[in-house]
Number of protein chains: 2
Amino acid sequence: MPAEPASAARPVAAARRLRLRADRARQLADLLRHQILAGGFPGGILPLEDAIAADYRASRNTVRQALDLLRGEQLVERQPGVGTVVVCEKYPHGLDRLQGLAETLREHGRVTNEVRTVGPVSAPGPVAHRLGLPEHSDVLCVERLRRLNGLPLSLDLSYLPMDIGGRLLGCDLENTDVFRLLEQLTGGPLGHAEITLEAVNADAHSAAVLQAPRGAAVLMLERLTCLPDGRPVDLEFIRFRGDRITMGGVLHRSL
Amino acid sequence: MPAEPASAARPVAAARRLRLRADRARQLADLLRHQILAGGFPGGILPLEDAIAADYRASRNTVRQALDLLRGEQLVERQPGVGTVVVCEKYPHGLDRLQGLAETLREHGRVTNEVRTVGPVSAPGPVAHRLGLPEHSDVLCVERLRRLNGLPLSLDLSYLPMDIGGRLLGCDLENTDVFRLLEQLTGGPLGHAEITLEAVNADAHSAAVLQAPRGAAVLMLERLTCLPDGRPVDLEFIRFRGDRITMGGVLHRSL
């Protein structure tokens, strides 16, 4: 193969350098993100760019680009006279056991629920099927916008069989997890849940309800919760604001 | 409180109807999404709008709006003369035990890895700390773009201690999960991993590498994997394309 003329090679080498810097900036942003979320910067203030550059053996350009990425994620902000400060409020939701929102965020503040919809609907086929009910049985449909210390965290839609769900109608849905109410109503602990997690871009309407930008990344949780005897009692579709929730747990290699 | 004049009440009622329709469209989209991902539509073709409207007791406007949402998520497409067809390739990643990508997607095809970076780097403080090493120890840094049947699925960055990581250098990283290689090298199964999952919008560079639109929702997994004796051996930052991966598992109420 003939050697490339120097005039062509130069832009190729420059493009490669830019690509490598973009890679390094992302890699650095990943490390800083972890420290931000773990509360690893005292007072929520990041070190000066020079200090980050020295700590991470990175160039100042790489550091600037990494901080740009974190600003793009709304994790940090540049404040004149102060520097780069942490501005996110991201809360850890447990993934190790089945927990309601107020329960898992107990240490972080108060969860309140704005009940947007509550009432019986005729169950569409897939809802009836997953809840083990005849098609078009009535089910209770509850939609809540959930807040932590007043900040919107998630939009939750639940379908419950009427024999159990109907008894929720008189309960304090605004201040209590449905899981806790179900346990009070059934007189014992819940059993297990099948869950699916996805990342999706928020549609315009969900974004507006969650007070997030259109297209914002949303952590979408589908959860089918069952009683200890295996009877499904709560089918949920939950949209968490991606900038406010992380899910954490421990996985084992052998079961 | 004085009654609102009819002229003001009318737009309010209209806005309320639009809001309710938007809510119902999202609720219907959630149900259809589940069926799409579960392979519940024979031949990957959705029923006609009228049939969906009848099945779900929804208006045609609501059905259209729900299908618009699913098109926005790139799950379905309208094909002239055929109807609404499923176009997504979304694969289930297990969340019940610690598994590598090729392992968890075994039934879905062949995972190949494009090794973008591999070599020793001086460990920044937080990496050294999490791997239990002195600051600025050398660690192996491996970045791979991972594909299933040729489609980009994830961008994985791993840091490993050199005593173990160094031995990966001669291994077939392009066709083998790092977990499998680690088990071959250490002569036994891995122990456990601490994981964190988040939904983030892809920055421009990650999006380009993953061949996804800028801002696309990404499922971000941080995973610190340990040997059975608790020694951390693999710190990973993994960006999954949100439109190609779901994470699924079972949670129990009591531990």
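Values in this text are rule-based calculations from the coordinates and carry no lab data. A quick note: this is a predicted structure, and the numbers were derived from the prediction, not measured. Using ideal geometry, Cβ is built from the backbone for each residue, glycine included, and neighbour counts are taken over all protein chains shown.
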>> Quick check: the distance between the Cα centres of the stretch A:226-240 and the stretch B:38-56, to the nearest angstrom?
In response: 24
>> Taking amide H atoms as placed 1.01 Å from N in the peptide plane, list the residues 5 or more away in sequence, or in a different chain, whose amide H sits under 5 Å from that of B:Tyr91.
In response: B:Ile245, B:Thr246
>> Pairs of alpha-carbon atoms within less than 8 angstrom and 6+ residues apart define the contacts here; what relative contact order does chain B have, in percent?
In response: 16
> Short version: ³J(HN,Hα) in whole Hz for each residue of the stretch A:126-136, in order, from phi by Karplus 6.51 cos²θ - 1.76 cosθ + 1.60 (θ = phi - 60°), x for Gly and Pro, what are they?
Replying inline: x, 5, 4, 4, 6, 8, x, 10, x, 4, 6
>> Placing unit charges on C-beta atoms (Lys and Arg positive, Asp and Glu negative, everything else neutral), compute the dipole magnitude of the protein assembly as shown about its Cα centre in debye, rounded to 20.
In response: 1200
> Using the Karplus equation 6.51 cos²θ - 1.76 cosθ + 1.60 (θ = phi - 60°), what ³J(HN,Hα) coupling, rounded to whole Hz, does each residue of the stretch A:26-34 give in order, writing x for Gly and Pro?
Replying inline: 5, 5, 5, 4, 4, 5, 5, 4, 4
>> Between the stretch A:176-211 and the stretch B:152-224, what is the separation of their alpha carbon centroids in Å?
In response: 30
> What is the fewest-to-most order of B:Ser158, B:Ser122 by other Cβ atoms lying within 10 Å of their Cβ?
Replying inline: B:Ser122, B:Ser158
> Looking at B:Leu145, B:Ile195, B:His93, which one has the Cα that reaches farthest to the positive end of the dipole of chain B (charges on Cβ: Lys, Arg +1; Asp, Glu -1)?
Replying inline: B:His93
>> Given a Förster distance of 22 Å, report the FRET efficiency between B:Thr176 and B:Leu151 from their Cβ-Cβ distance, rounded to the nearest 0.05.
In response: 0.70
>> Under the rule that an exposed site lies in a DSSP loop and has at most 15 other Cβ atoms within 10 Å, name the longest stretch of chain A with no GluC sites (Glu not before Pro) of that kind, not counting the sites themselves.
In response: A:1-88
> How big is the convex hull of the Cα atoms of the protein assembly as shown, per residue, in Å³?
Replying inline: 216
> With chain A treated as a Gaussian network of Cα nodes joined by springs under 10 Å, which of A:Ala193, A:Ala25, A:Ala54 yields the largest mean-square fluctuation?
Replying inline: A:Ala54
> Per the Kirkwood treatment, what hydrodynamic radius in Å, one decimal, follows for the stretch B:1-133 from the mean inverse distance over all distinct Cα pairs?
Replying inline: 19.5
> What is the Cα convex hull volume of the stretch A:149-255 when expressed per residue in Å³?
Replying inline: 135
> Out of every Cα-Cα pair in chain A, what percent are more than 28 Å apart?
Replying inline: 48
> Taking springs between alpha-carbon atoms closer than 10 angstrom, which of A:Val82, A:Val115, A:Val209 fluctuates most in the Gaussian network model of chain A?
Replying inline: A:Val82
